[in-house]
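Novice: Got a structure for you, written out below as C-alpha cells; questions coming shortly.
The values are calculated or read from the model by the stated rules, or taken from the named source; none is laboratory data. Model, not experiment: these values are computed from the prediction. Because the Cβ atoms are built from the backbone with ideal geometry, glycine has one as well, and the counts that use them run over all protein chains shown.
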Amino acid sequence: MNQAMESVAKEMEKAIAGKREVIEKILLAVAAEGHILLDDAPGVGKTTLAVALSRAMDLPFCRIQFTPDVLPSDIVGFSMYDKASGRFAYQPGAITRASLVLGDEINRASSKTQSALLEAMEERQITVDGQTHPLPRPFLVIATQNSVGAAGTQPLPFAQVDRFLMRLSIGYPDYQAQMDLLRARQAADPLTQVRQVLNADQLLGMQAEVRAVLAKDSILDYITRLTLASRAHPMVQVGISPRGALYLDRAAKARAWLQGRDYVTCGDVQAVFHDVCAHRVLLNRQAQLAGVLPRQVLDELLSTVETADRRA
C-alpha cells in the first residue's frame, strides 16, 4: 500500500483491531473521493472507524445522529431574517463545517431529510433559498445504517444508495480481535492514541494523483462491457448505472495508485467490482425468490465477460 496511507491504516488499527481489510477499502474510497455506506449490526465499530479516520487525517469532523425529527435544515442550514440589516442571513448547517461527515443511522431519518444529502454528496455544494454554498474540500460522507431493529425506519432510496462509492460491512471481530479490544479498553480509550499522520492538503494532493492515473481504452472497454452485461442479465431488474461505471473506473484508479502504479489493469477493476457494484444491482422478483444474491450475479459477470487480454 502507498506509504502515507499505510501510516493512516496503522493509526486506525489502534482503535479498531482485526479489520485491516475494511480499513484498506475505506482508504481506497477516500483516495477515490467517494462516499461510503456502512451497513452492519449495532456495536461493531462503525462510528469508531469514522472518528479514527478523521483524527489520523486531521479532517474537521461532524457526527449527525439521524432520528425521525431531524430536518433538512439541520443538515444544510437555513435563512433567518436579520432585523439589524433588514436581510435574510444564511445560517450554516451541520455539513458545512466538516470535511468528514458521519451520518449515523441514516435510515432512521425521513426520506426528505435523507434527500438533503444528495446534492452535497454529488456536487460538493448545497443550495438554500436559491443561494449555492460550496462545501469544504476534501468532503466525505460516511453513512451508517443498522440492519437490525429496522422497525420505523425509512430505507434509503435506490437513487441515493447509488451515490455511495462503496457499501461495506465491518462484521463481528474474531476471538483474538475481541480479546485485543477488551484489553485495550481496560485503562483508556484507544481513540485517544490515534495521532495525525496526514492533513487535508496532503489528501487533496493524493486525490489529484489518483485522478491522473491512466486508464487505457482497453480498461474502459472492459468496464463498459461489464456494466452492459449487468443490465442485460436475465436475473437483473436494474443493472449498473453510468454513475456506477464512473465510480468503478475511479475506484480502480485508486487501487492502482495504492499499489504504486500510475496505470489501471483489469485486475484492479476486478478487485473493486463487488464493493463498488453490488449495491447498484437490483435483482428481479424471480431471482429474489430463488435466494440469488447480487454478488453471485457479479461473480458470473466476472467469469463470463472477457478481459482486455483475452479479447486481444
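Novice: When only residues in the range 240-280 that are out of contact with any Ser or Thr (no Cβ under 6 Å at 6 or more places or on another chain) and not in a helix (DSSP H, G or I) count, which is surrounded by the most Cβ atoms within 10 Å (Cβ to Cβ)?
Specialist: That would be Val264.
Novice: Can you pull out the residues in the range 57-95 that are part of a loop (DSSP other than H, G, I, E, B) and on the phi > 0 side of the Ramachandran plot? Write out each step before concluding.
Specialist: Step one: list which residues in the range 57-95 are part of a loop (DSSP other than H, G, I, E, B), which gives 58-60, 66-71, 83-86, 93.
Residues satisfying the conditions are Asp58, Gly86.
Novice: On to the next question. Among the numbered criteria (1) in contact (Cβ under 8 Å) with a residue 60 or more places away in the chain; (2) closer than 28 Å to Arg280 by Cβ, which one does Ala159 miss?
Specialist: Status for Ala159: all satisfied but (1).
Novice: Additional query: Name the one entry in Gln154, Gln131 that is surrounded by 13 or more Cβ atoms within 10 Å (Cβ to Cβ) and at pLDDT below 85. Let's see the steps before the verdict.
Specialist: Values: Gln131 fails: surrounded by 13 or more Cβ atoms within 10 Å (Cβ to Cβ).
Criteria check complete, one pass: Gln154.
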